[in-house]
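Trainee: What follows is a structure written as structure tokens; I'll ask about it next.
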Amino acid sequence: MQSEFHITEPQHKDFKKKVLQSVSPFDYILFFALLFISVAGIFFTDNLYSGGTDVIISVNNEPQYKLSLSIDRTVETEGVIVEIRNNRVGIRNADCPNKLCMAQGWIDRGALICLPNRVVVTITGSEGKYRDVDAVTG
């Protein structure tokens, strides 16, 4: 026993017309307002979360070094070579297997993390405190 299936071709033209007719001017206003807020957030976040002045290198959650971001130098700790250059910090070399910490690149704010070696490199303000307010929570 064979069954017959009747496949009808979709009515694309009618569907487009129905969708375009159901969109109101308020929908366009809402869309562009949300788009503007999203793009503006990118620019305002940069100002809110400005770079710090100090670098704290922690191993096993214990601070080992507190260094100025403005003085170029290289520090080795727990198999990780951390380099400070041009007011930025990066992990130059690490003995971890996949070297993801090196792939994080050079930063002037935030943190670099090497999980296998349990090393965290954090950029903080001049007081040496972590920021209470971040770019997401405001």
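Trainee: Mind listing whichever residues of segment 6-31 are modelled with pLDDT under 80 and part of a helix (DSSP H, G or I)?
Mentor: Correct list: H12, K13, D14, F15, K16, K17, K18, V19, L20, Q21.
Trainee: Here is a follow-up. Mind listing whichever residues of segment 109-123 are among the β-branched types (V, I, T) and without any contact (Cβ under 8 Å) to a residue 24 or more places away in the chain?
Mentor: Residue satisfying the conditions is I113 alone.
For every residue, the table says whether it meets (1) polar (S, T, N, Q); (2) exposed (fewer than 11 other Cβ atoms within 10 Å of the Cβ); (3) not in a helix (DSSP H, G or I).
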| site | (1), (2), (3) |
| --- | --- |
| A33 | no, yes, no |
| F44 | no, no, no |
| G52 | no, no, yes |
| I56 | no, no, yes |
| Q64 | yes, no, yes |
| I91 | no, no, yes |
| G105 | no, yes, yes |
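Trainee: While we're looking at this one, here's another question. Step by step: first the residues of segment 66-84, then only those that are of a type in the set (S, T, Y) and part of a strand (DSSP E or B), then the one that is surrounded by the fewest Cβ atoms within 10 Å (Cβ to Cβ). Which residue is that?
Mentor: Per the stated criteria, the residue is T74.
The values are calculated or read from the model by the stated rules, or taken from the named source; none is laboratory data. Since the structure is predicted, the reported quantities are computational estimates derived from the model, not experimental observations. We place every Cβ from the backbone using ideal geometry, glycine too, and count neighbours over all the protein chains shown.
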